[in-house]
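The values are calculated or read from the model by the stated rules, or taken from the named source; none is laboratory data. Everything quoted here is computed from the prediction, not taken from an experiment. Heads up, the Cβs are rebuilt from the backbone with ideal geometry, glycines too, and the neighbour counts pull from every protein chain shown. The area values use the complete protein model at the heavy-atom level, side chains included, leaving out ligands, DNA and RNA. Shrake-Rupley method; radii C 1.70, N 1.55, O 1.52, S 1.80 Å.
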Amino acid sequence: MKILVVNCGSSSLKYQVFEMTAKTVLAKGLVDRIGLTGSSLTHTREGRDKTEIACEAQNHGDAVQIVIDALLHPDYGVVTSLREIDAVGHRVLHGGQKAIGSMLITAEVKEIIHECFALGPLHNPANLAGINACEKLMPGTPQVAVFDTSFHQTMPPEAYIYGLPYELYEKYGIRRYGFHGTSHKFIALQAPAFLGRKAAEVKLISCHLGNGSSLAAVRYGKCVDTSMGLTPLEGLVMGTRSGDLDPTIVSYIVEKAKIPERKVNDYLNKESGVLGISGVSSDFRDLEKAANDGNARAQLALDIFAYHVKKYIGSYAAAMGGADIIAFTAGLGENSPRMRRDVCRGLEFLGARLDDGRNEATRGKDADISTADSTCKILVIPTNEELMIAMDTHEIVSR
Ligand code: ADP
């Protein structure tokens, strides 16, 4: 079975085609600058050089047509007829409370995505535009929505209700939703499998550490807590996002620092986090280099980040009554031995003991980086959100 995975952003469309028997990628690419001048397609057929082509993509419909043409192309295409694509899996940011898992797309599911426009204003409209375009250009091909939020819908109310008047939850759906769910789900399946264990028998802390970062507490295969909230701003200090704050700080900085109220969200989302603390960069490679060169604020930003991750790990171990696996994933989690070392230092009380040699030697591959006597295993598991979307889509259309 061949599955096309589509991830529509407001001005881009990323795609991959999977062959599900061997779970291999046949082709992948990106249509950039949708709705702007100078759109381009970057397409790679597995085993071939990258193809880059200038194109005109006024909207997501044009972008889907450009992808279809590339997939059918006699030189670098991967199918001879669109009928060879058995299903399309769409990444959708927000599914609110109604999307408790991935869903075959129907009019009702599109309505759920539409209802969540206010919760995901930058992503959900683009996600829906991509779905509508695929429906039009590939009529009869089943489409599946895979939500970033749905893996977290198993959280109990004590984890998702804020300390606010309950009517705000009832009237406006203000609650913790959580994000990166597709990545955390992949880790929740892959990490126990790597150890030859079953997801249903382990307590796992999944640490997705990238530009955006979040942790999830996964007890016996089900998410019981996660660090992002109503929006991806809550939780850990991130590349450019503040993470957890005293809410009073918002009115305080409007008054004292004269940051216009309408700009506060941007300030907290784009100018804060390790970028704001260090004044150097949001990129952890730059921060590690600057800290090595003696930049004290870059070191402070790294220390704060590691401390926050450690604190969440401790709280999730408490929430689950222990942890069997701590798994690191995403750009930073997969590739930075230094950050993993700083996070794990002091977690020995949980039975988590890092093997320094294994940690240093591990970048971007599945590995156990804990010592043989570590009762809580510390793993590196590269995430693969596109494959997870393809797997969910495969499962749903095979029912
Ligand atoms: P996102 O998908 O959220 O944009 P990624 O998961 O790609 O982010 O992670 C990007 C982050 O990972 C960047 O801050 C980058 O600096 C960091 N990163 C990638 N490789 C390394 C590395 N070798 N050492 C330290 N940090 C790294």
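Couple of notes before you dig in:
- Within region 199-213, the set of residues being part of a strand (DSSP E or B) and within 10 Å of the ligand (Cβ to nearest atom) comprises H208, L209, S213.
- Criterion: over 16 Å from T231 (Cα atoms), under 16 Å from the mean Cα position of the chain (by Cα) and in a loop (DSSP other than H, G, I, E, B) - qualifying residue of G101, G120, G196, G140: G101
- Single condition R285 does not satisfy, out of (1) surrounded by fewer than 20 Cβ atoms within 10 Å (Cβ to Cβ); (2) on the phi > 0 side of the Ramachandran plot; (3) within 14 Å of the ligand (Cβ to nearest atom): (2)
- Test: residue in region 299-314 that is at pLDDT 95 or above, over 26 Å from the mean Cα position of the chain (by Cα), among the acidic types (D, E) and open to solvent by 10 Å² or more (accessible area, probe 1.4 Å): no
- Condition met for L233 (touching a strand residue (DSSP E or B) at 6+ places or on another chain (Cβ under 6 Å), in the same structural domain as G333 (by TED's automatic domain parsing) and either open to solvent by less than 30 Å² (accessible area, probe 1.4 Å) or under 25 Å from G276 (Cβ atoms) (or both)): no
- Any pair with Cβ under 6 angstrom, 6 or more apart, that starts in region 372-399 at a residue that is in a helix (DSSP H, G or I) and hydrophobic (A, V, I, L, M, F, W, C) and ends at one that is modelled with pLDDT of 95 or more and surrounded by fewer than 19 Cβ atoms within 10 Å (Cβ to Cβ): I396/L104; V397/P142
- Scanning region 337-369 for residues that are among the charged types (D, E, K, R) and outside any helix (DSSP H, G or I), we see that the one that is nearest to the ligand (Cβ to nearest atom) is R363.
- Of the residues making up region 123-137, just one is open to solvent by 60 Å² or more (accessible area, probe 1.4 Å) and under 20 Å from the mean Cα position of the chain (by Cα), namely H123.
- Residue ID - nearest to the ligand (Cβ to nearest atom), chosen from residues in region 319-336 that are more than 21 Å from the chain's Cα centre (by Cα) and open to solvent by 10 Å² or more (accessible area, probe 1.4 Å): A323
- Pairs, first on the phi > 0 side of the Ramachandran plot in region 120-143, second of a type outside the set (F, W, Y) and open to solvent by 10 Å² or more (accessible area, probe 1.4 Å), C-beta under 9 Å, six or more apart: G140/R83
- Among the residues of region 337-392, those that are basic (K, R) and touching a helix residue (DSSP H, G or I) at 6+ places or on another chain (Cβ under 9 Å) comprise R338, R340, R341, R345, R353, R363, K365, K377.
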